[in-house]
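Shown next, in C-alpha coordinates, is the structure this report addresses.
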Amino acid sequence: MSHLPFPDRVGVASTPGRSQHHGFRPLHAAVILGTRPEAVKLAPVLRALEDSEDFAPLLINTGQHREMLYQMLTRLQLQPHYDLGVMTDRQQLSDLTALLIGALGEVLRDEGPDLVIVQGDTTSTLCGALAAFYERIPVAHVEAGLRSGVLDNPFPEELNRLLVSRLARWHFAPTERAGARLHAEGIPADSISVTGNTVIDNLLWVRHRGAGRSAFRTTRRGILVTLHRRENQGDRMRAMAATLLRLAQRSDVEILLPVHRSPAVRDVLVTALRDHPHITLTDPLDYFDFTASLAASELVLTDSGGVQEEAPSLDKPVLVLRATTERPEVVSTGAARLVGTDPDAIHAAANSLLDDPALYRSMADAPCPFGDGRAAQRIVTRLAEDFAATPTAGVAVGAATADVSLAQL
Ligand code: UD1
Ligand code: UDP
(Lines give C-alpha, C1' and ligand atoms only; values in the text may rest on other atoms or scores of the structure.)
(Ligands and ions follow the chains in the order given, each with its own letter.)
Protein backbone atom coordinates (compact mmCIF):
# COMPACT_ATOMS: atom_id res chain seq x y z
CA MET A 1 0.00 0.00 0.00
CA SER A 2 1.42 3.40 -0.89
CA HIS A 3 0.42 6.50 1.02
CA LEU A 4 0.72 10.18 0.29
CA PRO A 5 0.16 12.65 3.17
CA PHE A 6 -3.31 14.10 3.75
CA PRO A 7 -3.70 17.82 4.58
CA ASP A 8 -3.61 18.77 8.27
CA ARG A 9 -6.84 19.10 10.18
CA VAL A 10 -7.79 22.43 11.70
CA GLY A 11 -11.18 22.42 13.45
CA VAL A 12 -14.76 21.73 12.39
CA ALA A 13 -16.93 23.68 9.94
CA SER A 14 -20.61 23.73 10.78
CA THR A 15 -22.00 25.98 8.06
CA PRO A 16 -21.41 25.83 4.31
CA GLY A 17 -18.94 28.48 3.31
CA ARG A 18 -17.65 28.97 6.86
CA SER A 19 -14.48 26.98 6.58
CA GLN A 20 -12.49 30.12 5.86
CA HIS A 21 -13.26 31.40 9.37
CA HIS A 22 -10.94 30.85 12.29
CA GLY A 23 -11.65 27.62 14.17
CA PHE A 24 -13.33 25.73 11.34
CA ARG A 25 -11.91 22.96 9.25
CA PRO A 26 -13.21 21.47 6.04
CA LEU A 27 -15.02 18.17 6.28
CA HIS A 28 -12.86 15.23 5.31
CA ALA A 29 -14.53 13.38 2.48
CA ALA A 30 -12.92 10.05 1.57
CA VAL A 31 -13.66 9.20 -2.05
CA ILE A 32 -13.13 5.49 -2.76
CA LEU A 33 -12.75 4.17 -6.30
CA GLY A 34 -11.04 1.25 -8.00
CA THR A 35 -12.11 0.88 -11.62
CA ARG A 36 -12.17 2.89 -14.83
CA PRO A 37 -15.87 3.88 -14.74
CA GLU A 38 -15.67 4.97 -11.10
CA ALA A 39 -12.84 7.37 -12.01
CA VAL A 40 -14.94 8.80 -14.85
CA LYS A 41 -17.99 9.33 -12.67
CA LEU A 42 -16.23 10.49 -9.49
CA ALA A 43 -13.85 12.93 -11.20
CA PRO A 44 -16.52 15.67 -11.31
CA VAL A 45 -17.37 15.04 -7.64
CA LEU A 46 -13.70 15.36 -6.71
CA ARG A 47 -13.45 18.60 -8.67
CA ALA A 48 -16.55 19.96 -6.92
CA LEU A 49 -15.18 18.93 -3.51
CA GLU A 50 -11.86 20.63 -4.30
CA ASP A 51 -13.69 23.80 -5.31
CA SER A 52 -15.80 23.83 -2.16
CA GLU A 53 -14.64 25.58 0.99
CA ASP A 54 -16.47 22.99 3.03
CA PHE A 55 -14.59 19.85 2.04
CA ALA A 56 -11.10 18.41 1.81
CA PRO A 57 -11.20 15.29 -0.38
CA LEU A 58 -9.08 12.21 0.37
CA LEU A 59 -8.81 10.00 -2.70
CA ILE A 60 -8.43 6.28 -1.99
CA ASN A 61 -7.69 4.05 -4.98
CA THR A 62 -8.38 0.41 -4.15
CA GLY A 63 -6.34 -0.65 -7.17
CA GLN A 64 -9.02 -3.12 -8.32
CA HIS A 65 -7.98 -2.06 -11.83
CA ARG A 66 -4.40 -1.15 -12.73
CA GLU A 67 -3.45 0.01 -16.25
CA MET A 68 -7.01 0.96 -17.23
CA LEU A 69 -7.44 3.00 -14.08
CA TYR A 70 -4.02 4.68 -14.15
CA GLN A 71 -4.70 5.67 -17.74
CA MET A 72 -7.94 7.31 -16.63
CA LEU A 73 -6.59 8.92 -13.46
CA THR A 74 -3.69 10.47 -15.39
CA ARG A 75 -5.97 11.80 -18.11
CA LEU A 76 -8.45 13.25 -15.63
CA GLN A 77 -5.65 14.72 -13.50
CA LEU A 78 -6.57 12.80 -10.36
CA GLN A 79 -3.88 11.88 -7.84
CA PRO A 80 -4.85 9.35 -5.16
CA HIS A 81 -3.60 9.76 -1.59
CA TYR A 82 -3.67 5.97 -1.20
CA ASP A 83 -3.19 3.15 -3.67
CA LEU A 84 -4.08 -0.22 -2.17
CA GLY A 85 -2.76 -2.02 -5.27
CA VAL A 86 -4.85 -5.18 -4.86
CA MET A 87 -5.34 -6.24 -8.48
CA THR A 88 -4.28 -9.75 -9.45
CA ASP A 89 -4.55 -11.50 -12.81
CA ARG A 90 -8.01 -13.06 -13.32
CA GLN A 91 -9.00 -12.04 -9.81
CA GLN A 92 -11.83 -13.89 -8.07
CA LEU A 93 -14.64 -11.85 -6.53
CA SER A 94 -14.30 -13.41 -3.08
CA ASP A 95 -10.51 -12.87 -2.93
CA LEU A 96 -10.85 -9.28 -4.10
CA THR A 97 -13.59 -8.59 -1.56
CA ALA A 98 -11.63 -10.06 1.33
CA LEU A 99 -8.50 -8.08 0.46
CA LEU A 100 -10.39 -4.83 0.07
CA ILE A 101 -12.41 -4.99 3.27
CA GLY A 102 -9.24 -5.44 5.33
CA ALA A 103 -7.19 -2.79 3.55
CA LEU A 104 -9.97 -0.20 3.43
CA GLY A 105 -10.82 -0.72 7.10
CA GLU A 106 -7.21 0.07 8.01
CA VAL A 107 -7.11 3.27 5.96
CA LEU A 108 -10.47 4.47 7.28
CA ARG A 109 -9.40 3.84 10.88
CA ASP A 110 -6.15 5.76 10.31
CA GLU A 111 -7.79 8.70 8.56
CA GLY A 112 -11.18 8.89 10.33
CA PRO A 113 -12.92 10.85 7.54
CA ASP A 114 -16.25 12.56 8.19
CA LEU A 115 -17.87 10.73 5.30
CA VAL A 116 -17.12 8.23 2.55
CA ILE A 117 -18.26 8.66 -1.04
CA VAL A 118 -18.63 5.66 -3.36
CA GLN A 119 -20.07 5.36 -6.85
CA GLY A 120 -21.99 2.69 -8.72
CA ASP A 121 -21.83 -1.05 -8.21
CA THR A 122 -18.34 -2.54 -8.43
CA THR A 123 -16.59 -4.65 -5.81
CA SER A 124 -14.68 -1.50 -4.77
CA THR A 125 -18.01 0.31 -4.30
CA LEU A 126 -19.45 -2.42 -2.10
CA CYS A 127 -16.28 -2.85 -0.06
CA GLY A 128 -15.89 0.91 0.38
CA ALA A 129 -19.43 1.22 1.72
CA LEU A 130 -19.16 -1.85 3.93
CA ALA A 131 -15.78 -0.88 5.42
CA ALA A 132 -17.17 2.60 6.15
CA PHE A 133 -20.25 1.10 7.77
CA TYR A 134 -18.06 -1.03 10.02
CA GLU A 135 -16.14 2.10 11.05
CA ARG A 136 -19.43 3.97 11.61
CA ILE A 137 -18.64 6.51 8.93
CA PRO A 138 -21.64 7.73 6.89
CA VAL A 139 -21.72 6.76 3.23
CA ALA A 140 -22.83 8.80 0.23
CA HIS A 141 -23.73 6.68 -2.80
CA VAL A 142 -23.38 8.32 -6.20
CA GLU A 143 -25.48 6.78 -9.00
CA ALA A 144 -27.88 5.13 -6.57
CA GLY A 145 -31.11 3.34 -7.44
CA LEU A 146 -30.15 1.62 -10.70
CA ARG A 147 -31.90 -1.75 -10.87
CA SER A 148 -32.27 -4.41 -13.54
CA GLY A 149 -34.63 -6.34 -11.28
CA VAL A 150 -32.63 -9.55 -11.79
CA LEU A 151 -30.30 -10.36 -8.90
CA ASP A 152 -27.60 -12.02 -10.99
CA ASN A 153 -27.77 -9.83 -14.09
CA PRO A 154 -25.56 -7.94 -14.38
CA PHE A 155 -23.41 -10.15 -12.15
CA PRO A 156 -22.45 -9.24 -9.47
CA GLU A 157 -23.36 -5.56 -9.91
CA GLU A 158 -27.12 -5.82 -9.23
CA LEU A 159 -26.45 -7.34 -5.80
CA ASN A 160 -23.65 -4.85 -5.09
CA ARG A 161 -25.88 -1.83 -5.63
CA LEU A 162 -28.74 -3.32 -3.61
CA LEU A 163 -26.38 -3.87 -0.69
CA VAL A 164 -24.88 -0.39 -0.96
CA SER A 165 -28.39 1.07 -0.82
CA ARG A 166 -28.83 -0.67 2.53
CA LEU A 167 -25.63 0.87 3.86
CA ALA A 168 -25.74 4.44 2.56
CA ARG A 169 -26.88 7.57 4.37
CA TRP A 170 -27.18 9.66 1.16
CA HIS A 171 -28.52 8.26 -2.13
CA PHE A 172 -27.72 10.37 -5.19
CA ALA A 173 -30.00 9.07 -7.93
CA PRO A 174 -29.17 9.97 -11.54
CA THR A 175 -32.82 10.00 -12.69
CA GLU A 176 -36.32 10.37 -11.27
CA ARG A 177 -36.91 6.70 -11.97
CA ALA A 178 -33.87 5.64 -9.95
CA GLY A 179 -35.01 7.90 -7.09
CA ALA A 180 -38.53 6.44 -7.18
CA ARG A 181 -37.12 2.94 -7.16
CA LEU A 182 -35.16 3.66 -3.99
CA HIS A 183 -38.21 5.14 -2.35
CA ALA A 184 -40.26 2.09 -3.29
CA GLU A 185 -37.64 -0.06 -1.52
CA GLY A 186 -38.19 1.83 1.72
CA ILE A 187 -35.38 4.38 1.55
CA PRO A 188 -36.67 7.61 3.15
CA ALA A 189 -37.35 10.39 0.65
CA ASP A 190 -35.23 12.89 2.55
CA SER A 191 -32.08 10.82 2.00
CA ILE A 192 -32.60 10.61 -1.77
CA SER A 193 -31.57 13.41 -4.15
CA VAL A 194 -32.12 13.25 -7.91
CA THR A 195 -29.03 14.90 -9.38
CA GLY A 196 -28.46 13.69 -12.94
CA ASN A 197 -25.53 11.41 -13.74
CA THR A 198 -22.00 12.70 -13.15
CA VAL A 199 -20.92 10.90 -16.34
CA ILE A 200 -22.46 13.81 -18.26
CA ASP A 201 -20.55 16.35 -16.16
CA ASN A 202 -17.34 14.60 -17.09
CA LEU A 203 -18.18 14.18 -20.74
CA LEU A 204 -18.92 17.90 -21.06
CA TRP A 205 -15.68 18.72 -19.21
CA VAL A 206 -13.69 16.63 -21.68
CA ARG A 207 -15.52 17.73 -24.81
CA HIS A 208 -15.07 21.39 -23.86
CA ARG A 209 -11.35 20.80 -23.90
CA GLY A 210 -11.74 19.63 -27.47
CA ALA A 211 -8.96 17.08 -27.09
CA GLY A 212 -8.75 13.50 -28.27
CA ARG A 213 -8.37 11.71 -31.59
CA SER A 214 -10.72 9.18 -33.09
CA ALA A 215 -9.20 5.69 -33.40
CA PHE A 216 -11.20 4.80 -36.52
CA ARG A 217 -8.71 4.21 -39.32
CA THR A 218 -10.94 4.76 -42.36
CA THR A 219 -13.78 6.93 -43.56
CA ARG A 220 -16.15 3.95 -43.62
CA ARG A 221 -19.23 4.12 -41.40
CA GLY A 222 -17.96 3.61 -37.87
CA ILE A 223 -19.36 1.03 -35.45
CA LEU A 224 -17.90 1.38 -31.97
CA VAL A 225 -18.07 -1.80 -29.88
CA THR A 226 -17.21 -2.51 -26.24
CA LEU A 227 -17.74 -5.83 -24.44
CA HIS A 228 -16.62 -6.93 -20.99
CA ARG A 229 -19.44 -8.06 -18.67
CA ARG A 230 -18.80 -11.21 -16.68
CA GLU A 231 -22.18 -12.71 -17.64
CA ASN A 232 -21.27 -12.26 -21.34
CA GLN A 233 -17.87 -13.95 -21.05
CA GLY A 234 -17.24 -17.40 -22.57
CA ASP A 235 -19.50 -18.87 -25.25
CA ARG A 236 -21.79 -15.86 -25.37
CA MET A 237 -18.88 -13.54 -26.14
CA ARG A 238 -17.55 -15.98 -28.75
CA ALA A 239 -20.96 -15.89 -30.45
CA MET A 240 -21.01 -12.10 -30.36
CA ALA A 241 -17.54 -12.01 -31.91
CA ALA A 242 -18.84 -14.21 -34.73
CA THR A 243 -21.66 -11.69 -35.25
CA LEU A 244 -19.16 -8.88 -35.51
CA LEU A 245 -17.32 -10.84 -38.20
CA ARG A 246 -20.59 -11.17 -40.13
CA LEU A 247 -21.27 -7.47 -39.75
CA ALA A 248 -17.76 -6.62 -40.97
CA GLN A 249 -18.57 -8.35 -44.29
CA ARG A 250 -20.60 -5.27 -45.21
CA SER A 251 -18.70 -3.19 -47.72
CA ASP A 252 -19.38 0.11 -45.93
CA VAL A 253 -18.41 -0.34 -42.26
CA GLU A 254 -15.39 -0.29 -39.97
CA ILE A 255 -15.75 -1.85 -36.52
CA LEU A 256 -13.61 -0.31 -33.78
CA LEU A 257 -13.25 -2.41 -30.64
CA PRO A 258 -11.01 -1.17 -27.79
CA VAL A 259 -10.42 -4.44 -25.92
CA HIS A 260 -10.85 -4.49 -22.13
CA ARG A 261 -7.76 -5.80 -20.29
CA SER A 262 -9.53 -8.72 -18.65
CA PRO A 263 -7.89 -11.90 -20.01
CA ALA A 264 -11.34 -13.52 -20.11
CA VAL A 265 -12.31 -10.84 -22.66
CA ARG A 266 -9.04 -10.58 -24.56
CA ASP A 267 -8.63 -14.31 -25.07
CA VAL A 268 -11.95 -14.47 -26.90
CA LEU A 269 -12.06 -11.19 -28.82
CA VAL A 270 -8.46 -10.95 -29.94
CA THR A 271 -8.40 -14.60 -31.05
CA ALA A 272 -11.63 -14.24 -33.03
CA LEU A 273 -11.23 -10.78 -34.54
CA ARG A 274 -7.55 -9.98 -35.09
CA ASP A 275 -6.18 -9.30 -38.56
CA HIS A 276 -9.54 -8.48 -40.15
CA PRO A 277 -9.17 -5.57 -42.61
CA HIS A 278 -12.35 -3.84 -41.42
CA ILE A 279 -12.09 -4.54 -37.71
CA THR A 280 -9.77 -2.34 -35.66
CA LEU A 281 -8.80 -3.82 -32.30
CA THR A 282 -7.00 -1.52 -29.89
CA ASP A 283 -5.91 -1.48 -26.26
CA PRO A 284 -8.27 0.45 -23.98
CA LEU A 285 -8.40 3.97 -25.36
CA ASP A 286 -7.47 7.04 -23.46
CA TYR A 287 -10.75 8.67 -22.34
CA PHE A 288 -10.26 11.68 -24.63
CA ASP A 289 -9.64 9.40 -27.62
CA PHE A 290 -12.53 7.15 -26.66
CA THR A 291 -15.00 10.03 -26.56
CA ALA A 292 -13.58 11.39 -29.83
CA SER A 293 -14.14 7.92 -31.35
CA LEU A 294 -17.66 7.90 -29.97
CA ALA A 295 -18.29 11.26 -31.57
CA ALA A 296 -16.91 9.97 -34.90
CA SER A 297 -18.94 6.75 -34.84
CA GLU A 298 -22.29 6.17 -36.46
CA LEU A 299 -23.51 3.39 -34.21
CA VAL A 300 -22.58 1.88 -30.82
CA LEU A 301 -22.83 -1.76 -29.74
CA THR A 302 -22.02 -2.27 -26.06
CA ASP A 303 -22.61 -4.10 -22.81
CA SER A 304 -21.03 -1.23 -20.85
CA GLY A 305 -23.01 0.85 -18.39
CA GLY A 306 -21.19 4.15 -18.91
CA VAL A 307 -21.13 3.91 -22.70
CA GLN A 308 -24.94 3.49 -22.69
CA GLU A 309 -25.07 6.89 -21.02
CA GLU A 310 -22.42 8.71 -23.01
CA ALA A 311 -23.54 7.67 -26.50
CA PRO A 312 -27.02 9.27 -26.38
CA SER A 313 -25.53 12.50 -25.15
CA LEU A 314 -23.50 12.56 -28.41
CA ASP A 315 -26.59 11.55 -30.45
CA LYS A 316 -25.31 8.04 -31.22
CA PRO A 317 -27.84 5.17 -31.31
CA VAL A 318 -26.94 2.33 -28.94
CA LEU A 319 -27.63 -1.38 -29.19
CA VAL A 320 -27.31 -2.81 -25.69
CA LEU A 321 -25.87 -6.33 -25.88
CA ARG A 322 -27.35 -7.57 -22.63
CA ALA A 323 -30.41 -9.42 -21.39
CA THR A 324 -31.33 -6.62 -18.98
CA THR A 325 -30.56 -2.99 -18.45
CA GLU A 326 -30.64 -0.97 -15.28
CA ARG A 327 -30.96 2.11 -17.48
CA PRO A 328 -34.43 1.66 -19.00
CA GLU A 329 -34.71 5.44 -19.42
CA VAL A 330 -32.41 5.22 -22.41
CA VAL A 331 -34.63 2.58 -23.99
CA SER A 332 -37.87 4.43 -23.27
CA THR A 333 -36.62 7.70 -24.76
CA GLY A 334 -35.77 5.69 -27.89
CA ALA A 335 -32.01 6.38 -27.79
CA ALA A 336 -31.12 2.71 -27.22
CA ARG A 337 -32.48 -0.75 -27.95
CA LEU A 338 -32.02 -3.68 -25.61
CA VAL A 339 -31.19 -6.32 -28.21
CA GLY A 340 -29.94 -9.07 -25.89
CA THR A 341 -27.14 -11.46 -26.75
CA ASP A 342 -28.62 -13.57 -29.54
CA PRO A 343 -26.23 -13.32 -32.52
CA ASP A 344 -28.97 -13.12 -35.17
CA ALA A 345 -30.89 -10.47 -33.25
CA ILE A 346 -27.75 -8.33 -32.90
CA HIS A 347 -26.91 -8.73 -36.59
CA ALA A 348 -30.46 -7.82 -37.68
CA ALA A 349 -30.70 -4.82 -35.34
CA ALA A 350 -27.37 -3.38 -36.53
CA ASN A 351 -28.24 -3.86 -40.19
CA SER A 352 -31.62 -2.22 -39.84
CA LEU A 353 -30.08 0.82 -38.21
CA LEU A 354 -27.46 1.06 -40.94
CA ASP A 355 -30.02 0.62 -43.74
CA ASP A 356 -33.02 2.56 -42.47
CA PRO A 357 -32.25 6.29 -42.26
CA ALA A 358 -35.61 7.12 -40.63
CA LEU A 359 -35.07 4.56 -37.88
CA TYR A 360 -31.52 5.83 -37.42
CA ARG A 361 -32.66 9.45 -37.12
CA SER A 362 -35.38 8.59 -34.61
CA MET A 363 -32.81 6.99 -32.30
CA ALA A 364 -30.10 9.59 -32.84
CA ASP A 365 -32.54 12.43 -32.13
CA ALA A 366 -33.93 10.91 -28.92
CA PRO A 367 -33.17 13.00 -25.85
CA CYS A 368 -30.44 12.00 -23.39
CA PRO A 369 -32.12 11.27 -20.04
CA PHE A 370 -29.05 11.55 -17.81
CA GLY A 371 -28.98 15.17 -16.77
CA ASP A 372 -27.49 18.55 -17.51
CA GLY A 373 -23.88 18.15 -16.42
CA ARG A 374 -24.34 19.72 -12.98
CA ALA A 375 -24.86 16.55 -10.96
CA ALA A 376 -21.62 16.81 -8.97
CA GLN A 377 -22.37 20.33 -7.80
CA ARG A 378 -25.80 19.21 -6.57
CA ILE A 379 -24.19 16.32 -4.68
CA VAL A 380 -21.64 18.48 -2.92
CA THR A 381 -24.17 21.19 -2.09
CA ARG A 382 -26.53 18.66 -0.52
CA LEU A 383 -23.75 17.13 1.57
CA ALA A 384 -22.60 20.54 2.78
CA GLU A 385 -26.14 21.53 3.70
CA ASP A 386 -26.73 18.35 5.65
CA PHE A 387 -23.52 18.65 7.63
CA ALA A 388 -24.31 22.30 8.32
CA ALA A 389 -27.78 21.42 9.58
CA THR A 390 -26.59 18.40 11.58
CA PRO A 391 -22.84 18.38 12.23
CA THR A 392 -23.28 14.79 13.46
CA ALA A 393 -24.93 13.74 10.19
CA GLY A 394 -22.84 10.61 10.46
CA VAL A 395 -24.62 9.38 13.57
CA ALA A 396 -27.51 8.31 11.37
CA VAL A 397 -25.42 5.62 9.68
CA GLY A 398 -27.73 2.83 8.59
CA ALA A 399 -30.75 4.32 10.35
CA ALA A 400 -32.25 5.38 7.07
CA THR A 401 -32.67 1.78 6.01
CA ALA A 402 -33.00 0.02 9.35
CA ASP A 403 -36.66 -0.84 8.78
CA VAL A 404 -35.95 -2.62 5.50
CA SER A 405 -35.63 -6.36 5.98
CA LEU A 406 -33.04 -8.39 4.15
CA ALA A 407 -35.92 -10.31 2.60
CA GLN A 408 -36.53 -7.24 0.44
CA LEU A 409 -33.19 -7.75 -1.25
C1 UD1 B 1 -15.06 -4.47 -13.16
C2 UD1 B 1 -16.41 -4.33 -12.43
C3 UD1 B 1 -17.51 -4.02 -13.42
C4 UD1 B 1 -17.16 -2.81 -14.27
C5 UD1 B 1 -15.78 -3.02 -14.91
C6 UD1 B 1 -15.38 -1.76 -15.63
C7 UD1 B 1 -16.70 -5.75 -10.46
C8 UD1 B 1 -17.15 -7.06 -9.94
N9 UD1 B 1 -16.73 -5.60 -11.80
O10 UD1 B 1 -15.15 -5.59 -14.04
O11 UD1 B 1 -18.71 -3.73 -12.70
O12 UD1 B 1 -18.13 -2.67 -15.27
O13 UD1 B 1 -14.81 -3.29 -13.89
O14 UD1 B 1 -14.39 -2.01 -16.57
O15 UD1 B 1 -16.32 -4.89 -9.71
N16 UD1 B 1 -7.32 -6.23 -15.62
C17 UD1 B 1 -6.05 -5.81 -15.96
N18 UD1 B 1 -5.79 -4.46 -15.91
C19 UD1 B 1 -6.72 -3.53 -15.57
C20 UD1 B 1 -8.02 -3.98 -15.25
C21 UD1 B 1 -8.29 -5.33 -15.27
O22 UD1 B 1 -5.18 -6.60 -16.27
O23 UD1 B 1 -6.41 -2.35 -15.54
C24 UD1 B 1 -7.62 -7.68 -15.67
C25 UD1 B 1 -7.07 -8.45 -14.46
O26 UD1 B 1 -6.62 -9.72 -14.88
C27 UD1 B 1 -8.29 -8.61 -13.59
C28 UD1 B 1 -9.38 -8.77 -14.63
O29 UD1 B 1 -9.03 -7.87 -15.66
O30 UD1 B 1 -8.21 -9.71 -12.69
C31 UD1 B 1 -10.79 -8.51 -14.17
O32 UD1 B 1 -10.88 -7.27 -13.48
P33 UD1 B 1 -12.14 -7.02 -12.46
O34 UD1 B 1 -12.03 -5.65 -11.90
O35 UD1 B 1 -12.24 -8.14 -11.49
O36 UD1 B 1 -13.40 -7.16 -13.38
P37 UD1 B 1 -13.88 -6.32 -14.62
O38 UD1 B 1 -14.42 -7.30 -15.60
O39 UD1 B 1 -12.83 -5.37 -15.03
N1 UDP C 1 -13.81 4.03 -21.85
C2 UDP C 1 -12.55 4.53 -22.15
N3 UDP C 1 -11.77 3.86 -23.05
C4 UDP C 1 -12.17 2.70 -23.63
C5 UDP C 1 -13.45 2.18 -23.31
C6 UDP C 1 -14.24 2.88 -22.41
O7 UDP C 1 -12.16 5.58 -21.64
O8 UDP C 1 -11.41 2.13 -24.43
C9 UDP C 1 -14.64 4.74 -20.87
C10 UDP C 1 -16.02 5.08 -21.38
O11 UDP C 1 -16.02 6.35 -21.98
C12 UDP C 1 -16.85 5.04 -20.11
C13 UDP C 1 -16.13 4.06 -19.23
O14 UDP C 1 -14.85 3.86 -19.78
O15 UDP C 1 -16.84 6.29 -19.45
C16 UDP C 1 -16.90 2.77 -19.18
O17 UDP C 1 -16.13 1.78 -18.60
P18 UDP C 1 -16.53 0.25 -18.69
O19 UDP C 1 -17.32 0.00 -19.91
O20 UDP C 1 -15.26 -0.49 -18.51
O21 UDP C 1 -17.39 0.04 -17.37
P22 UDP C 1 -18.97 0.15 -17.06
O23 UDP C 1 -19.42 1.51 -17.38
O24 UDP C 1 -19.65 -0.92 -17.85
O25 UDP C 1 -19.04 -0.16 -15.59
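So the values come out like this:
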{"quantity": "Residue match in the stretch 73-80 (condition: at pLDDT below 95, more than 13 Å from ligand 2 (Cβ to nearest atom) and surrounded by fewer than 23 Cβ atoms within 10 Å (Cβ to Cβ))", "calculated": "yes"}
{"quantity": "Check on Leu203, assigned to a helix (DSSP H, G or I), touching a residue at least 60 places away in the same chain (Cβ under 8 Å) and within 30 Å of Ile255 (Cα to Cα)", "calculated": "yes"}
{"quantity": "Members of the stretch 62-95 found to be of a type in the set (Asp, Glu) and not in a loop (DSSP other than H, G, I, E, B), listed by number", "calculated": "Glu67, Asp83, Asp95"}
{"quantity": "Residue count, the stretch 325-364 (criterion: surrounded by fewer than 17 Cβ atoms within 10 Å (Cβ to Cβ) and not in a helix (DSSP H, G or I))", "calculated": "5"}
{"quantity": "Tally, over the stretch 245-267, of residues that are away from ligand 2 (no atom under 16 Å from the Cβ), outside any loop (DSSP other than H, G, I, E, B) and in contact (Cβ under 8 Å) with a residue 40 or more places away in the chain", "calculated": "3"}
{"quantity": "Unique residue being away from ligand 2 (no atom under 16 Å from the Cβ), in contact with a His (Cβ under 8 Å, 6 or more places away or on another chain), aliphatic (A, V, I, L, M) and not in a loop (DSSP other than H, G, I, E, B) when the list is Ala129, Ala98, Ala103", "calculated": "Ala129"}
{"quantity": "Tally of residues being touching a helix residue (DSSP H, G or I) at 6+ places or on another chain (Cβ under 9 Å) and within 14 Å of ligand 2 (Cβ to nearest atom) across the stretch 60-72", "calculated": "6"}
{"quantity": "Thr219, sole failed condition from (1) free of Cβ contacts under 8 Å to residues at least 60 places away in the same chain; (2) under 18 Å from Thr381 (Cβ atoms)", "calculated": "(2)"}
{"quantity": "Condition met for Arg169 (among the basic types (Lys, Arg), buried (at least 24 other Cβ atoms within 10 Å of the Cβ) and closer than 20 Å to Ile60 by Cα)", "calculated": "yes"}
{"quantity": "Close pairs (9 angstrom Cβ cut-off, 6 or more residues apart or separate chains): outside any helix (DSSP H, G or I) in the stretch 269-298, among the charged types (D, E, K, R) and buried (at least 21 other Cβ atoms within 10 Å of the Cβ) anywhere", "calculated": "His278/Glu254; Ile279/Glu254; Thr280/Glu254; Pro284/Arg36; Ser297/Lys316; Glu298/Lys316"}
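The values are calculated or read from the model by the stated rules, or taken from the named source; none is laboratory data. What you are looking at is a predicted structure, and each value in this text was computed from that prediction instead of being measured. Don't worry about glycine lacking a Cβ; one is built from the backbone with ideal geometry, like all the others, and counts go over all protein chains shown.
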